[in-house]
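Heads up, the thing below is written out as structure tokens.
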Amino acid sequence: MRKTRVNHEIRISPIRLINENNEQVGVIDTRDALRMAEDAGLDLVEIQADSRPPLCKIMDYGKYQYEQSKKGKGGSSGKTQEIKEVRLGRSAKIDEHDVKIRVDQARRFLMDGDKVIFIQRFRGREMAHQNIGMDRLRGIVEELSDIAKVEMPPRSQGRQISMMLTPEKQKVEAAKRELAKAKAREEAEKEAEKEAGKAKAEEKQAEREAETGDTEKLKGGKKAKSRGDNRKKISDDPLAGLIEVSSDIDEDMVVLRTDEDEKD
């Protein structure tokens, strides 16, 4: 099997280049391609030596080797485990908030059963302070230790340090159960809040109905009092014997009967 040529082992020039974002750069001088790979903190790898010009790609050669070895072992049982790459910025000067975002992303990958490669890059004089990157990677290992373990410890490759974590099945399953419980509790709390709101609305409605009933009773009492006052006025009138209030009509209407009407 032919050995894969990497970086300065590639003697032929020019080459056809694919950059780290899988974009076709075209045919360029090999020295220019090497500078591009170095600036990106990656490697220049010859992937098709038989073509002319040879096809090369800027990539993480360590990750490429690992993927090729996994393919060589073969086996096609269950879900295909993927290797996800998480880059900790373009240099060691990355905000802690951004680091947390990437760690959360890695957690999702691990929960799905995939492996994760973390890459910490260095620029310029940062190479003299690689301990910063090492400390950051150790912190990430500790933060994700509840679901993952180290498969490939941090190692320096040119202007970067890479590290691989792999999910631990039992821990992942336990974490999924905890997430399911938390979700169930959250849904129960929301349902309880909904029921409490509904009960409060019904209570307010009952209070409004009670207030409306009291108002109607008050109006009825005033109306009865007014009818009684009118009857009293009529009884005090000297013509009371000639007047009879009809009980079948409104209180404000009266019927006058004369003695002649009574005789008829």
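The values are calculated or read from the model by the stated rules, or taken from the named source; none is laboratory data. No experiment lies behind these values; they were computed from the predicted model shown. When we count neighbours, we look across all protein chains shown, and the Cβ atoms used for this are built from the backbone with ideal geometry, even at glycine.
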The condition from (1) assigned to a strand (DSSP E or B); (2) surrounded by fewer than 16 Cβ atoms within 10 Å (Cβ to Cβ) that Arg138 misses is numbered (1)
* To do: Please tell me if Arg35 is within 43 Å of the chain's Cα centre (by Cα), modelled with pLDDT of 90 or more and either acidic (Asp, Glu) or surrounded by fewer than 16 Cβ atoms within 10 Å (Cβ to Cβ) (or both).
  => yes
By residue number, the members of the stretch 152-186 that are among the small types (Gly, Ala, Ser) and within 17 Å of Lys115 (Cα to Cα) are Ser162, Ala175
In the stretch 41-53, anything without any contact (Cβ under 8 Å) to a residue 60 or more places away in the chain and either in a strand (DSSP E or B) or not basic (Lys, Arg) (or both) is listed as Leu44, Val45, Glu46, Ile47, Gln48, Ala49, Asp50, Ser51, Pro53
For the stretch 1-32, the count of residues that are within 44 Å of the chain's Cα centre (by Cα), at pLDDT 90 or above and in a loop (DSSP other than H, G, I, E, B) equals 1
